[in-house]
Every structure is written in C-alpha cells, then in structure tokens.
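Only one structure is covered here, and it is reproduced in the block below.
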Amino acid sequence: MLNKKKSNLWKRKKQLEESIKGMEDFKIRTLKFIKEEENRLVKIKSELEKEMTRKNDAHGKTKEARELVKALDNKHADILQEQRKIAKKKNELVDLIKPSELSAIKIESHLDTSNDIFKWIIQAVYKEPKRAYEWKNFKEAAFVIDKGEDFLVRLKCLPPRKLRKEDFVYGKDIFDRREEILFQLEHKGKPNPSLRYLFTYIGYVVEIGSYYDQIASENELLNEFQKDFEKKAQEEGEADHMLKVLDEKIRIGTHITQQMKKMLITADQCIEAAKKRIECQQKEINDKEQDDY
C-alpha cells in the first residue's frame, strides 16, 4: 500500500515537472513573441511619425493652395467689378457723343491715317471689313441719314466680349495714336468734343478687352491651383486614413502585448506553485522512504 502511494507521488511529481517544463517553454515562446511584437510596434510608430509629417505637410500645402484659390477668386471678382465699372462709363460716354460734330469732320484723302478711327468703327461696331470703308459714304450713313441714332445705339450696345482679338489690337493702336489723329482731324485746332469722346470710348473698349485677357489668364491659374488644391487635399486624406490604420495597429499590438505579459506573470505564478508542490511531494517521498527503513 505504501509502495503504491509512493509510486503515485513520484508520478505526480513527474507530471508537475513536465508541466513546469511546458510552462517554461511557453514563457520562452511568449517572450520571443512579445519582443517581436514590440519591435513591430516600434516600426509602426516610426511609420506613424512619417505619416504624421506627411499629413502636416499636406495640410500646410492644402491650406496654402486654398488661400491661393481664394485670393484668385477675389482677384477675379475685383476684375469683373472693375470691368463692369468701365462698361458703365463706356455706355454713359455715348450719351455725350453728338453725331453732328462727327459729321463736320473733313478728311481729304482715303490714304490719310486719320481714317483709321472710323475704319475701326466699321470693323468693330458694324462688323464690316475695313475695305468697305469710304469716308463720305460712311459719314452719310452713320451720322446724317438718321442723325446718328443707329450709330449711337450700336455704340451703347456693343458687347466687347464678342469682339475679336484683332479688334482690340487695332483699337489699341488707334488709341495710342489719338494725339496724331486728333491733330489731323480737328479743323484749325478747334477741339471736337465728340471725336475726343469717341477716342475715350475706344480706350474703354480696349481696357475692357485687357480685362478679358486677365480673366482668361487668372482662370487658367485658378484651374491649376484648384487641381493642386484637390491633389493636396487627397494626399492629406490618404495620410489621415493611414494614420487611423496605424493607430489601430498600435492599439491592437499594444493590447496583445499587455495580455501576453499578463500571461507570463500567470505562468510564473503557476511555476512557483508547481515547484512548491514538488517540494512537498519530494518531502512526502523522502518520509515514505524513511518509513520503509
């Protein structure tokens, strides 16, 4: 009976020793896993810092691009407002033009450069080719027959946005030569107010045309900045998404590591308890052997 009890004690002792060995192996594997996981977390945190830098950089560029787009929008609005002001002045100026004063102008030859202002009228206002111009016929049709009513209506209703590039270029050339042409056309040095108003009118049209060029240029820039803004915003969004992914990986990895460390503590406690039980059983075995003697 005693031998059987002693045999059972040896058997339990052996089982406890095997259990301790298994828990020691588990500790080794767990420590290895924790180290690998901690190294992985270090790499993820490094990636996180890079993504944070990328996000901050993209955010700064997005903000800069947004401000540029806003500035261009404001500039575009200012240009349109200024353009409307000039257009209003242009139309108000027409009310000051008297066709009778224009019909009093004398041009001796069709070769005179002073014809150019009226050639511009033919081309830009009446939409006829310059070669169709002849001063006497033009003067009669534009300023005499209906006392210039149709001419004035055409001036007031002229939409600069529908003029061709060559109309603006030709108009600018004439406006730049206004002093020369005025000198030729103002009889005996006497000012012709309506002729001067007509030059001012052409100047306004040319100025409005320059605003169209500005608007086209600003629109091109605006489109570029808008695309750049959208690209930077997309980069910021991608970085933000990656940050969330990495944050989640760190959270899960940290949680797993913490749980594994708790398991190590439990394993240590189990090993200590098993060792104490082994000591107790070894003592019982020793006592049994003493009894046998």
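Here the range 157-178 is the region considered, the condition is being part of a helix (DSSP H, G or I) and hydrophobic (A, V, I, L, M, F, W, C), and the residue that is farthest from LYS98 (Cα to Cα) is VAL169.
Quick one: is LEU198 modelled with pLDDT of 90 or more, touching a helix residue (DSSP H, G or I) at 6+ places or on another chain (Cβ under 9 Å), crowded, with 19+ Cβ neighbours inside 10 Å and under 21 Å from LYS127 (Cα atoms)? Here the answer is yes, as LEU198 does meet what is asked. Just one of the numbered conditions (1) modelled with pLDDT under 90; (2) farther than 18 Å from ALA124 by Cα; (3) aliphatic (A, V, I, L, M); (4) touching a helix residue (DSSP H, G or I) at 6+ places or on another chain (Cβ under 9 Å) is not true of LEU182: (1). The sole residue among ALA233, ALA216 that is surrounded by 16 or more Cβ atoms within 10 Å (Cβ to Cβ), under 30 Å from ALA58 (Cα atoms) and hydrophobic (A, V, I, L, M, F, W, C) is ALA233. Here the condition is being at pLDDT below 90 and polar (S, T, N, Q); of ASN115, ASN137, ASN74, it holds for ASN74 alone.
Taking the range 128-156 as the range and being assigned to a loop (DSSP other than H, G, I, E, B) and within 18 Å of LYS90 (Cβ to Cβ) as the test, only GLY148 passes.
The residue that is farthest from ASP25 (Cα to Cα), among those in the range 247-270 that are touching a Lys or Arg at 6+ places or on another chain (Cβ under 8 Å) and of a type in the set (A, V, I, L, M), is ILE250.
Within the range 70-127, the set of residues being under 22 Å from ASN192 (Cα atoms), of a type outside the set (Val, Ile, Thr) and in a loop (DSSP other than H, G, I, E, B) comprises ASP95, LEU96, LYS98, ALA104, LYS106, GLU108, SER109, HIS110, LEU111, ASP112.
Among SER19, SER100, which is the only one that is of a type in the set (Ser, Thr, Tyr), assigned by TED's automatic domain parsing to the domain that holds ALA216 and out of contact with any strand residue (DSSP E or B) (no Cβ under 7 Å at 6 or more places or on another chain)? So the residue among SER19, SER100 that is of a type in the set (Ser, Thr, Tyr), assigned by TED's automatic domain parsing to the domain that holds ALA216 and out of contact with any strand residue (DSSP E or B) (no Cβ under 7 Å at 6 or more places or on another chain) is SER100. A single entry from ILE265, ILE202, ILE181 fulfils the requirement of being part of a helix (DSSP H, G or I) and closer than 30 Å to ILE44 by Cβ: ILE265.
Here GLN81 passes the criteria (1) closer than 30 Å to PHE225 by Cα; (2) in contact with a helix residue (DSSP H, G or I) (Cβ under 8 Å, 6 or more places away or on another chain) except the one numbered (2). Looking at this structure, is TYR133 without any contact (Cβ under 8 Å) to a residue 60 or more places away in the chain, hydroxyl-bearing (Ser, Thr, Tyr) and buried (at least 19 other Cβ atoms within 10 Å of the Cβ)? For TYR133, the condition - without any contact (Cβ under 8 Å) to a residue 60 or more places away in the chain, hydroxyl-bearing (Ser, Thr, Tyr) and buried (at least 19 other Cβ atoms within 10 Å of the Cβ) - is met.
The values are calculated or read from the model by the stated rules, or taken from the named source; none is laboratory data. Keep in mind the model is a prediction, meaning the values are calculated, not measured. All Cβ positions, even for glycine, are placed from backbone atoms using ideal geometry, and neighbour counts span all protein chains on display.
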